[in-house]
Structures are given as C-alpha cells and as structure tokens.
Amino acid sequence: MAKNWAGNITYRAGKIHRPSTVGQVQSLVAGSGRIRALGTRHAFNELADTTGELVSVGDLPRVVEVDSAAAQVKVSAGLRYAEFSEELDAKGFALPNLASLPHISVAGACVTATHGSGVRNGSLASSVAGMEIVTADGSVVEITDPSGAVVNLGALGIVTSMTLDLVPAFEIRQYVHEGLPLDSDILGVLGGAYSVSLFTDWSSSKINQVWVKQRVDEPEFVPEGTVAADGPRHPVPGMSPENCTPQLGIAGRSFERLPHFRPEFTPSAGEELQTEFMVGRSDAVAALRAIDAIRAKVHPVLQISEIRTIAADEMWLSPYYRRDTVSIHFTWIADTAAVLPVVSLVGEQLAPFAPRPHWAKIFRIAPEVLRSRYERLPDFRELVRSLDPEGKFTNAMVGELLS
Ligand SMILES: Cc1cc2nc3c(=O)[nH]c(=O)nc-3n(C[C@H](O)[C@H](O)[C@H](O)COP(=O)(O)OP(=O)(O)OC[C@H]3O[C@@H](n4cnc5c(N)ncnc54)[C@H](O)[C@@H]3O)c2cc1C
C-alpha cells in the first residue's frame, strides 16, 4: 500500500491514477464517486487521503511559461519548486520566498499554505495569482480571484496549473549564529533580515541557532549575544550539514539559499513527524514562554523546533488570515505513540493564543475549536458547495472541518 513521505500514513485510497493529459484528469473526475489529488506526499496527516481514488498530476506535461511583462509564471501544478526555480532565475525572476525544502509540489504546498520565513514575506500561497482546477463535473475552471480558493486543502478539485507572481531575481547570503538566550529581543531578531529562522531543541532556555538569510543589498545583521558558527551547520544537533544550503555568508541565488535543504539530497530518510502552530506576532513571546515551561516534556521526543514569521494575508483558510504570524514548528522523533500526547500538550499550552495549525502537519484540536478560528469558513463552505455539491473531493479531515 502507498504511504506518505514520512511513512506514518498508509493511504486507504483504492488506486492512485497518474494521468498524462488534463483531458484524462477531467474524465477521471467526472467518472468517480470520490476522488482527491495527491502531490509529493509530504503531508504528515490524513489530509491527502480518501476512501475513493487518488490522482497525481505529476505526469501532466511540464509547463513553465514566464510572462516577463506581467512578472508571472504559469507552471504545471505537480512540479516541485526545485524543478523550475533555476529557469526563472535564468529569465531574471524569482519567487519571493521558498519553504525549507524545494522537493514539494507547487499545488500541494499552496493549497496547504506552506511557508518560509520573513516578517514581510507571505506564504507560498500568497504568490498565487490564479489557477486552473478540474471540478466535480469534470470541467476546467479558471480561478482569477485567489483569496477564497487557493488555500483549499484539496476540497475544490484537482489543480492542474498555477500562475505565480514573481519578483526580480536576487541574491542571498546565509549565516548561522549560535546561542541566543530565549529572553532576548526575539521579535527584533526575527525581523532583522529578509528571512530569519530560529532553531532550538528545548534542552535549555536557549535558541541553539539563528539562521539569517540576508539579501545582498541589506545591511549585515548579527543578533546580539550570539557567536558566528565556525562552519556549516545542520539544524538538528549532530547531523551532517552536507545536505544543507551553503552558509558562511557566501552569496548565492535566492533559490539556492532560501530553502534550508539542497534539492539533490533527501533532507532525511523520513524518520520524523512534524507539527506546527501559528500564533499572532504580538503573542509570540508569551507563546514561546509557554512552550519553555513544558520543555522537559517536549525535548525527549523532539529532534528540533523552528520558529519563523509569515506576513498576514486575506486568504480564507490561511493560518495567517489577517494576522502577522510567528510559527512554532516541531520536528519530532518518528514514534507516533510517544509524540501524540506531547502534540496535545503543546496545543493546550498554546490555546490562550488561539493557534492555527499547519494544515499538513499533525495536530490535535477539537473540530469546533478549530472551526471557530476561521471566520471565513462559512464562505469557504459555500464555495465548496457551489463547485462540489456532492462532496466528491471531501475526506474525513475536510468533512469534519466543513460540518
Ligand atoms: C521534510 C519536510 C519539510 C517541510 N518543510 C515545510 C516548510 O518549510 N514550510 C511549510 O509550511 N511546510 C513544510 N512542510 C510541509 C509541506 O509543505 C506540506 O506537507 C505540503 O502539503 C507538501 O506538498 P505535497 O505536494 O507533498 O502535498 P501532499 O502531501 O501530496 O498533499 C497535501 C494536500 O495537498 C493537496 N493537493 C496536492 N496536490 C494537489 C492538486 N494538484 N490539486 C489540489 N490539491 C492538491 C492534497 O489533496 C492534500 O490535501 C514540510 C514537509 C516535509 C516532509
């Protein structure tokens, strides 16, 4: 049976189709009772699964059409970011931001509001200007107003292409600084450069590493009280940095520095589980203190925790909807039974800050509580009803959210 990347989910779907034309996607969808899209399988929960059939758009013809005048690119939805970033760069363009690894599909990333870091950077979904989607009756619908439809959790249909807004190509220098006390000016550090990530294993009240991704045209930023790493680092203590993007301030193209991991390596063997909660930036310091208070429970089942920032947006199901965000991420050991109680505990500690979970990672939040954190959920429910009246693309997770 097919599994997700981490191997913790076995898909129940009877079959995984790999159509090679949009026409085939249309016929498949029109003839199916229950169907869902599958991307590059990096989600850690049952979001992609269905009791019906799955369809991957990974074999659709490759499309990378740059419109230089509009500063946009139309890409096939199943492409991984690493598969077209270099081509954009060659044409003088870049995406404003990327996630920690470039191995994920564009559609799978955007429909789940996948993000990188940077106080002025939105999620990857915020770069989506439009998309083509095969809806329940098999027709291709062109979406030109992305606010309600992009972060859709696969509930609107099978996305076959996306049009992304671009920025002029740029260069980044990446530095790692070590040993930031947790009671430092954390928000100041997170806002100190184009993209900043903090890593801690919660073994002490200290941030182990500050990853600073600085545009070459920005002034150099050195977080106070830290020491510059004397060589390349991996975020997880003890792991070899060979699969990490170049550090030590060596300037390079943005797509080779914004992800933490190089495309030619698998970042790990999938021996991990992940959870991530998003809180408002103004609550971030208190939220970090709340995790610090339970670090004796967190540390034993943790590989590494990462803290990033995401700018607010207007997308209905976005965890960053109208809220400048700090995300608190946990890469756990690959032991579901040991990890789940700690996931619940972390959720309880953060409850006063009304955290919104990463849609594609493991979380335990009562459905009615989760629903209350998305004020535009009624609008999204209506959109689903209009495009998929019989719930063809709905699964258990989405059904619970929409009920
Ligand atoms: C090692 C690792 C590192 C990660 N780093 C980050 C990070 O830095 N930042 C972050 O925010 N997240 C991160 N993630 C999470 C990841 O971005 C999400 O899991 C994302 O959904 C992965 O995309 P995918 O194509 O693998 O999706 P899948 O797991 O295949 O599917 C996820 C969802 O997308 C839907 N979907 C996929 N393709 C389509 C389509 N064509 N049309 C409609 N719906 C579709 C599926 O139905 C499902 O609901 C990481 C995950 C891993 C394993």
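The values are calculated or read from the model by the stated rules, or taken from the named source; none is laboratory data. These numbers come from a predicted model, not from an experiment. Cβ placement follows ideal geometry from the backbone for every residue including glycine, while neighbour counts extend to all protein chains displayed. Side chains included, ligands, DNA and RNA excluded: accessible areas come from the protein's heavy atoms. Shrake-Rupley method; radii C 1.70, N 1.55, O 1.52, S 1.80 Å.
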By the C-alpha gyration tensor axes a ≥ b ≥ c (rounded if a/c is under 1.5, else prolate when a/b exceeds b/c, else oblate), the shape of the stretch 122-189 is prolate
Mean accessible surface per residue for the stretch 341-389, computed with a 1.4 Å probe while every protein chain stays in place, in Å²:
45
For helix 336-350, report the angle its Cα long axis makes with the longest principal axis of the Cα atoms of the chain; keep it between 0 and 90° and round to the nearest 10°.
70
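If R₀ is 51 angstrom, what is the calculated FRET efficiency for the pair Glu271 and Ala69, using the beta carbon separation as r and rounding to 0.05?
0.65
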With the cut-off at 19 Å, tell me which of the pairs Lys206/Lys297; Lys15/Lys361; Lys91/Lys213 have Cα atoms farther apart than that.
Lys15/Lys361; Lys91/Lys213
Quick check on the chain: of the DSSP beta bridges with both residues there, what percent are antiparallel, nearest 5%?
90
Kirkwood Rh, Cα atoms: Rg over Rh of the stretch 64-168:
0.95
State the Cα centre-to-centre distance between the stretch 73-152 and the stretch 155-212 in whole Å.
19
Along Cα→Cβ, 7 Å out, is where each label goes; now give me the distance between the ones at Glu242 and Ala90 in nm to one decimal.
2.9
With a ≥ b ≥ c from the Cα gyration tensor eigenvalues, square-rooted, and the rule rounded for a/c under 1.5, otherwise prolate when a/b > b/c and oblate otherwise, the stretch 207-247 is oblate
Normalised by the empirical 2.2 N^0.38 Å for globular proteins, what value does the Cα Rg of the stretch 264-403 take?
1.12
Given a Förster radius of 56 Å and the C-beta distance between Val227 and Asp137 as r, what FRET efficiency does 1/(1 + (r/R0)^6) yield to the nearest 0.05?
0.40
Tell me the carbon and sulfur percent of the accessible area for the chain, rounded to whole percent, probe radius 1.4 Å.
51
Considering the alpha-carbon set of the chain alone, what are its Rg and its Dmax in angstrom?
20.2, 62
Could you work out how much longer the chain between Ser205 and Asp185 gets when fully extended? Use 0.36 nm per residue separation minus the Cα distance between them, nm to one decimal.
5.8 nm
